[in-house]
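As structure tokens, the structure follows; a few thoughts come after it.
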Amino acid sequence: MKKIISKTLAGFMMACVLALAGCSAEEGGMKSYTIIETGTVTEQTFIDIKQNVIEYTELSRNPIYIDMSRAVTEKYLEIPRDWLRGCRSLISINLPDGLTTIGDEAFASCSSLTSINLPDSLTTIGDEAFYYCRSLTSINLPDSLTTLRDNTFSRCSSLTSINMPDGLTTIGDWTFSDCSSLTSIKLPDSLTTLGSGTFSGCSSLTTITYAGTISQWRSLLGYPNGDFDRNVPSELVVICSDGTVGLRGN
């Protein structure tokens, strides 16, 4: 078993410790691995965490937990593109206060990810950031969030609950496509953009509750799109503040 020790790096402190659940060596490696961040998180922090994760997964496929809730970030810090893409051992992550953006594909194909805590400072989640996170069942989006880009939660097939912030303005193309376990969703009247194919393939979706009026919903749909309602139940309804319509506003 490779020994992983705590270390201090310039500008921040990083403690890489074995999970309390199991510090003893086993055949095939450790039971689990926990990374705990304290101090100030910088761009270098994300580089070092990724390297630690890569080194650990070379030894073991056992669970990885990352806790950055005790840390703060430099101003306007972003999680880099492809940060932990394809890390099948990642189970949960708590992100630090001050983070503004999750980069494109940062957690794409993290197929064992079940829990993620997003900070109140977050404003943007990038393209395919959580694409094919098939074990993720719920997500609580912070009030600070304004933008979900393309395919953000596409193919999250176990996702059943999404808490949308009141100030959200943009949902990109195919954002929730093929979320086959999603049965209902609430959308705020702050939305100005609802992308193409947003709910395509949401085969269990029966109710969209929209805080705006029917007129606002029809305006939000914008140009006609053949894929907008592909593979959604025919009984899907949109409940607006002044009535109920079909997905296309009819």
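The values are calculated or read from the model by the stated rules, or taken from the named source; none is laboratory data. Keep in mind that this is a model prediction, so the values were computed, not measured. Here the Cβ positions follow ideal geometry from the backbone for every residue, glycine too, while neighbour counts run over all protein chains shown.
Quick check, is Thr147 closer than 22 Å to Ser109 by Cα and of a type outside the set (Phe, Trp, Tyr)? Walk me through how you get there before you give the answer.
Numbers: closer than 22 Å to Ser109 by Cα: yes; of a type outside the set (Phe, Trp, Tyr): yes.
So Thr147 passes the test.
Criterion first (hydrophobic (A, V, I, L, M, F, W, C) and outside any loop (DSSP other than H, G, I, E, B)) does Val238 satisfy it?
yes
Taking the conditions exactly as written (of a type in the set (Ser, Thr, Tyr), out of contact with any helix residue (DSSP H, G or I) (no Cβ under 7 Å at 6 or more places or on another chain), buried (at least 18 other Cβ atoms within 10 Å of the Cβ) and in contact (Cβ under 8 Å) with a residue 40 or more places away in the chain), does Tyr65 satisfy them or not? Spell out the reasoning first.
Values: of a type in the set (Ser, Thr, Tyr): yes; out of contact with any helix residue (DSSP H, G or I) (no Cβ under 7 Å at 6 or more places or on another chain): yes; buried (at least 18 other Cβ atoms within 10 Å of the Cβ): yes; in contact (Cβ under 8 Å) with a residue 40 or more places away in the chain: yes.
Yes; evaluated as a whole, the condition is true for this residue.
I need the full set of residues from segment 156-200 which are more than 22 Å from Pro142 (Cβ to Cβ) and under 19 Å from the mean Cα position of the chain (by Cα), in order please.
Scanning segment 156-200 gives Ser157, Asp173, Trp174, Ser177, Asp178, Ser180, Ser181, Thr183, Gly197, Phe199, Ser200.
Looking at (1) modelled with pLDDT under 95; (2) in a strand (DSSP E or B); (3) buried (at least 19 other Cβ atoms within 10 Å of the Cβ), which one does Ile93 not meet, given that it meets all the others?
It fails just one condition, (1).
Anything in segment 33-79 that is in a loop (DSSP other than H, G, I, E, B) and under 11 Å from Leu99 (Cα atoms)? List them, or say none.
The answer is Thr42, and nothing else.
As an exercise: evaluate Ser60 against (1) closer than 21 Å to Asp104 by Cβ; (2) touching a Ser or Thr at 6+ places or on another chain (Cβ under 9 Å) and give the number of the one condition it does not meet.
Exception for Ser60: condition (1).
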